[in-house]
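The values are calculated or read from the model by the stated rules, or taken from the named source; none is laboratory data. Here the structure is a predicted model, which is why all the values come from computation and not from measurement. All Cβ positions, even for glycine, are placed from backbone atoms using ideal geometry, and neighbour counts span all protein chains on display. Note: accessible area is taken over every heavy atom of the protein model, side chains too, but ligands, DNA and RNA are not part of it. Shrake-Rupley method; radii C 1.70, N 1.55, O 1.52, S 1.80 Å.
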Amino acid sequence: MVAACVRFKRRHRGQSRDGRAIIRIVLVQRARRRGETTADHSMNDTHDPDLRSWVESANVAGSDFPIQTLPFGVFSRAGNAKAACVGVAIGDSVLDVSACLAAGLLEHTDASVACGEMSLNRLMALGDEKLGAFRLELSVLLREGERLSDRASSMRDAILVPGSEAVMHL
């Protein structure tokens, strides 16, 4: 987190020699709070470039959302904005995390339950460790050849929303 501090240097009524205001910007990195640790953002096996997904569009070269990139967002199906929940972009679709939980494809954890809400606040507040474990669980679910991949693939109509039918809220 970076904080900005703007200071005006006054010189002859706040102006430089040529009559323009002088502004100095000082950028200061926020110090850690007592007991706060730095997050470990190192690479893990969710970033393996050889991973392939049963969602075919995620395997296309140049895809915005391959299996190595699983961004969270709040979405609803077109025409049903009141049923917004957290999803994960994969290929040209959005994985409905709540539908995966209801289908028994995901463990019942704080993270998966938080995905039933209409914002990312509760999910992001869980911290890096729980969020990282949840992202790994989603990655495994979406991988080719994993234990649940055949079952998840057979339920694609229930758990995957085509990008053209998804309305993104956040």
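Label-to-label distance, Thr109 versus Glu129, with points set 7 angstrom from Cα along the beta-carbon direction: 1.2 nm.
In this structure the amide hydrogen of Val94, modeled in the peptide plane, comes within under 5 Å of the amide hydrogens of Val161, Gly163, none closer than 5 places in sequence on its chain. A 1.4 Å probe run over the protein chains yields, for region 50-137, 48 Å² of accessible area per residue, whole-number rounding.
Annotation: Cα Rg of region 52-170 relative to the compact-globule expectation 2.2 N^0.38 Å equals 0.97. Across region 66-128, Cα-Cα pairs farther apart than 14 Å form 57% of the total.
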